[in-house]
Every structure is written in structure tokens, then in C-alpha cells.
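A.B. asks: Got a structure for you, questions after.
The values are calculated or read from the model by the stated rules, or taken from the named source; none is laboratory data. Because the structure is predicted, anything quoted here is derived from the model rather than measured. Every residue, glycine among them, receives a Cβ derived from its backbone with ideal geometry; neighbour counts consider all protein chains shown. What goes into the accessible areas is simple: the full protein's heavy atoms, side chains included, and nothing from ligands, DNA or RNA. Shrake-Rupley method; radii C 1.70, N 1.55, O 1.52, S 1.80 Å.
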Amino acid sequence: MVGPQYDCLANPLGAVRSTFDKAMASGSDPSAFNGSDWGALDVFRQFLIDQGSPSQVPVLNPTTIGRIQPNTLVRFRGMIQDMLGNEFYVGAYKNEAVWRTNKFTDFPQFPMGEEPNMQIWERRLLYCVPVPGQNSWTESLSEVLPNGCMDWTSQQREKRPRMDDDASDHMDMVGFLSFTMVSDDEGKSSSCVKKMKGEGHASPSPSSQSEDSKIEGTSSSMIKMPDVDRNSLPCLVKIYDCPETELKLNEIFEFIGVFTMNSEVTVAKEDNSEVSDSFFEDELISFPANTVPRLHCLVHKKLEVHDFLPSSPMFEPKPHLVREIRESLLGHLTVILGNDGIAAQFMLLHLLSKHLLAITYMDVLKQVHTRVDNVAVGKLSLNLTCLSKESVSVFGNRLNHAVKNLLPFTHCIPLSVEYLNTASLAPKKEYQTNRLIPGVLQLAEGSHLIIDETKLEAGTLNSNGVENTRLLKNLMEFQKVEYDFQYYKMDMTTDVQLLIFSEGKSNIVPADLVIPFQPSSADSIDAVPTEAIEAWRWYLATVRSLPHSIETEMQKVIEIDLVAARQADRSLGSQDFSRWLTMGRLISASFGETTLSLEHWQMVKEMERLRRERLK
């Protein structure tokens, strides 16, 4: 334990350096650490979990950033929008015969001198942004962390050395260097993958050189408010001691760590050409420290939809409770859709759909001798047709508003020829700045996307429009988004629910299900109680993640039905059978069941019959 003079919330660096000093006093060798943890994370894990303190950690967002002191503990929620590679930094150095550490900070506590004895360590850089399309009702949780014990991931694993030979060859020359992040006056940035971050200059904060018992790196005045979008605040997160496979692009995390942000950044760039060639081959990534805050991560946790529910009912998904919530939500959807009960049934299944990487009933498809290659199992995109510009202004707006109230991450694309010709849908790598430029389709897992084609008129697509059309079809059919890395392209798997509004069947984004919309009324909608909305949010987040299986006897029934259907209609293929099985899984889940019953399978066949009748 760290002594009481160290406040983990207000002075996390004091706790880090105290544990480092104890490790040195016990005879540890800094070279043996290679950047790995020496016991500091145990202090923060106890502070955050054992003492129930996560809720005390301030949230870093556009509202709070002007009031948060630098070098204090903060938490930031966001999506990993770009992975910027690795950064070398001076992790430990000797100052007047005493070893010091620069871990979890941008500046050394004491001047390093001209030729210090130092250890070069490595950390990862992640560019994180607020989750795209995050709805405002989820933000009420941002000020308070859940009280329950959270499964925080402590970054204390042994990290594999990853310095390349060229970097190692230059280690003998860094003794007289002081390094820092560099950007030129034009804001250009680097194409380097690995960068040296030398902490050669002491922090300009007077208190950074104070005694250990004082709060390090803070001052009595608040930091200068950065010039950032009030509705969006990116964050450059620095990761220590964590396997690369644990953090992936487009995943949502909550990071807790040391906040650093300087309104005036000292830029050090040595005149020595040899040094420049070694560590400053290009300008480094252009993220000005006075506009993009840094967070040196101590612990992190991957977030799920449940983590964005402000107050979810605290009960197990028991079938009888799930049935009650299901019926009320289905009734709400029916009213929104003008008393079109069939469309409401399919809408419910659509909202519960989820792209699955693997599923237990794939063998059933194989038994009817159909191809299953490239089938994105679990998705259920929906195309509501017979919608005009006038009717979509009523029912489309109603449904869009309802989806925003039910799901945490939603988007809407008003599709037109002009939009297709001008929009940037695919993320694109810009090597001159070493940035992944985000596209409209770079979305977080579990996002919902509405595509409104009712405004689409005749026109000519340019090359960008043709490419965007292909990207939308690829997302619809395979649940993949193609990322453009200039020299090559890479498909990234995603999980996005797609809902299309159109007058006729969409040819641009052909959906799994096409439902002619047949409302019978356009009555106004009564206000929904908050308790009901919260129950529906919990329901959608919970049942879509339930496990699912098909028992042996039921598999035989399904096999017979699929074979008979294929014999009756030779046009049926693997995608049709995959859709039926997906509907069976979703109907079971909608009732809180984890196995497919004969009753639910009969419901699938009846819903398909009613849908096909409308298509005639």
C-alpha cells in the first residue's frame, strides 16, 4: 500500500513513483522491468475496486475538461478510431545516483541531465473518439460509474520486447539526448509507426519539481480550456503492458488513467542530423497537446450495451418477465407503425438481430446441400417498402425517434445521388499524416443504421457514387466494411443493424427481409412512461445476447421442413434458410428462451407466409 500522503485520485503519479522507489529499494533492476509493472497497478486496482472508488474518478468530456487538473486520475469512454502504432520513451533514468521513472507521464519529474543512464521502454498509442451516433440518453451515466464491482483489466502482463534492430542500434546514442513529440508549424504529422518519445524536459508546472508528498504536476489554477468541439472530445490514449490482441479497432472501452494536457507544449528537435535521421525520420503525429488530451492508461474495460443503460432493471431474464416486456414493446412498435402488426413483429426481430461469428445450427444448412460460404449469420436487415416522401415524414420519423430512444448508437443516412457521389463512407489511411481518416461506415459494434431512400431520384453516379453503392451492399450482405489503405484494401467485420425506407424494393442495399408497409391509422402516440422505456432498453440489450441451441429432435424437424421447402421452390437458397434459422433464434430469444421450440419454428413459417403474401 502507498502511504496516505498519496492521493490516487489527485496525485496518481505520486503513487506510481512511490511504488517504483520501493521496487528500487528492494534491489530491483530497471532493465529487468522492460516497461512492465512493478506493483503500481495493485495500488490503483485496490483503490478502484476494493474500496469501491471508480465512481469518484472524474469523467473526461467537453464539459468537464476545463475543470480537471492535469496529472490527476480521470476516465474516458470512447471508441478506438485509430491505432497509431508504438512509441519509444525514456521509461527510467538515473538522476544523481537515484533511479526515476517517467511511466504514465509526458514529462520527467527531475531534469535528466546531458548524459543520463536511461532505459528505453515502449507504449502503444490509440486515438479514441466518443462513440459515433451515441444518443444523449446514455450520457446521464457519464458522470457516475456503476457501483458494482467491474471487471477491470489491469495492464500488468509481461510485455514481449518489440524493439526492432534499427532502434536497438541507436540505443547507445540516446544518453545525451532529450526527446519529445514534434510537430511543425503547419501541423503536419508523421508516417512513422514507431516513434521515440523522450521525456527530456521537466514539466513546466512548478509543482512538478515539488517534494513527493505534494500533488505533482498540478497548480491552483485550472488548465486552459482547449479549442475543441463542445459535442465531441477525442483523446490520445497511451497503453502500457497490454497484449495487442486485447484492444481492437472500433471497440468501445472505458480507460482510467493519468490525464495530461498542456496549453503550451515545449517542442524539442535536436539539430544533430544523425539524431534526426534516427528518431525523427518524419514529423510525429499531429495531435496538438493543447487540443487533444492525453490519457496514460492504468486500467481499462471493454464496454457492452448494458454499460450505457442509465438505470436498467436488476433482475434475471426470466421467461415470464421477458414475455411481459416483449408484449409491451411489441404493442408500442405496432402503434408507431400505424397498427401494422406484421411489420411490428419483423421490426422486433430486426432490433434483436446480431451478427454472429459462429452458430450451432450451421450443420443444419449443410444437411440440405446448400452453400453456406460468405453468409453473415445472425444479421436480419429490414426493408420497409411502400413508403413515400409524405408517409416517411410521419412513420419514418416516428420509427427513427423510437429507435433512438431504445438503442444507444444510431445513425440515419438520407440517401440521394448527391450524397452517394460526395460522401466518404469508407475509412481511408492517409500515410502523409499517419492517420486513419474516418468514414461514415466506421461504426461501433451494435450500431443501428437507417437508410432513407425515399428522397432518391434519378441521376448519374460518378466513380465515388458507384464505390459507395458497392460499400453499402457489402455491409448489407456480409457485415463487412472495406478500409482503404491506399496500397491495399482490407475488409473489417462489423455488427450493424440496417433498416431501409423505400418506395419499392431497394436495389442499392438489398435487405434480408422486404416488408410492404401497410399502416391502417396515423393516430398520435401517447407519452411513454420512463420506466417502460428503461425496461425496453434492458430487454433489447439482454435477450439479443442470450445463448442459443437447437436440440437433436428439433434439428430433424427443421431438416425435413427445409428439404420440403427446397423441393417445392427450387429458387430457395442458403441465404433463405439462414434467414429462417435466424428468425427462429430471434423469436426464441424474444421470449427469453435459449432453445428453439416447435411452437417458435411454426411462428417463423407463419410470419414468412404472411410476408410472402404481401409481396404478391
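A.B. asks: In what order, largest first, do GLU251, GLU534 sit by accessible area if the probe radius is 1.4 Å?
C.D. replies: GLU534, GLU251
A.B. asks: If you don't mind, another one. Out of all DSSP beta bridges in the range 13-137, what portion is antiparallel? Express it as a percent rounded to 5.
C.D. replies: Counting only bridges with both partners in the range 13-137, antiparallel ones make up about 95 percent.
A.B. asks: Another question, if that's okay. At 1.4 Å probe radius, can you tell me the per residue accessible area of the range 319-545 in Å²?
C.D. replies: On a per-residue basis, the range 319-545 sits at 42 Å².
A.B. asks: Give, as a single signed number, the net charge of other residues whose beta carbon lies under 9 Å from the beta carbon of VAL237, with Lys and Arg counted +1 and Asp and Glu -1.
C.D. replies: +3
A.B. asks: If you scale each eigenvalue of the Cα gyration tensor by 5 and take the root, what three semi-axes come out for the range 396-466, rounded to whole angstrom and sorted largest first?
C.D. replies: With the √(5λ) rule applied to the range 396-466, the semi-axes are 25, 21, 6 Å.
A.B. asks: Restricting things to Cα coordinates, could you compute the convex hull volume per residue of the range 319-545 in Å³?
C.D. replies: Each residue corresponds to 156 Å³ of Cα convex hull volume.
A.B. asks: On each of the three principal axes of the Cα atoms of the range 440-596, give max minus min coordinate, whole Å, ordered largest first.
C.D. replies: Extents along the principal axes: 53, 48, 36 Å.
A.B. asks: Would you work out which of GLN497, ASN464, TYR483 lies farthest towards the positive end of the dipole of the range 319-545? Charges go on Cβ: Lys and Arg +1, Asp and Glu -1.
C.D. replies: TYR483
A.B. asks: Could you pull the accessible area for SER18 with a 1.4 Å probe, rounded to 10 Å²?
C.D. replies: Accessible surface of SER18 is approximately 20 Å².
A.B. asks: Which order do ASP29, ASP484 take by accessible area at a 1.4 Å probe, largest first?
C.D. replies: ASP29, ASP484
A.B. asks: Follow-up. What number, in percent, do you get for the relative contact order of the range 319-545 if the mean sequence gap of Cα pairs under 8 Å and at least 6 apart is divided by its residue count?
C.D. replies: Once normalised by length, the contact order is 30 percent.
A.B. asks: So, one more: In whole percent, how big is the carbon plus sulfur part of the accessible area of the range 319-545, probe 1.4 Å, protein atoms only?
C.D. replies: The nonpolar share, carbon plus sulfur, comes to 52 percent.
A.B. asks: Based on the alpha-carbon gyration tensor of the range 445-520 and its eigenvalue square roots a ≥ b ≥ c, which shape applies: rounded if a/c is under 1.5, prolate if not and a/b is larger than b/c, or oblate?
C.D. replies: Here the range 445-520 falls in the oblate category.
A.B. asks: Of GLU96, GLU246, GLU390, which has the most accessible area and how do the rest follow, probe 1.4 Å?
C.D. replies: From most exposed to least exposed: GLU96, GLU390, GLU246.
A.B. asks: Another question, if that's okay. What figure, in Å² to the nearest 10, do you get for the accessible area of LYS22 with a 1.4 Å probe and non-protein molecules left out?
C.D. replies: Rounded to the nearest 10, the figure is 110 Å².
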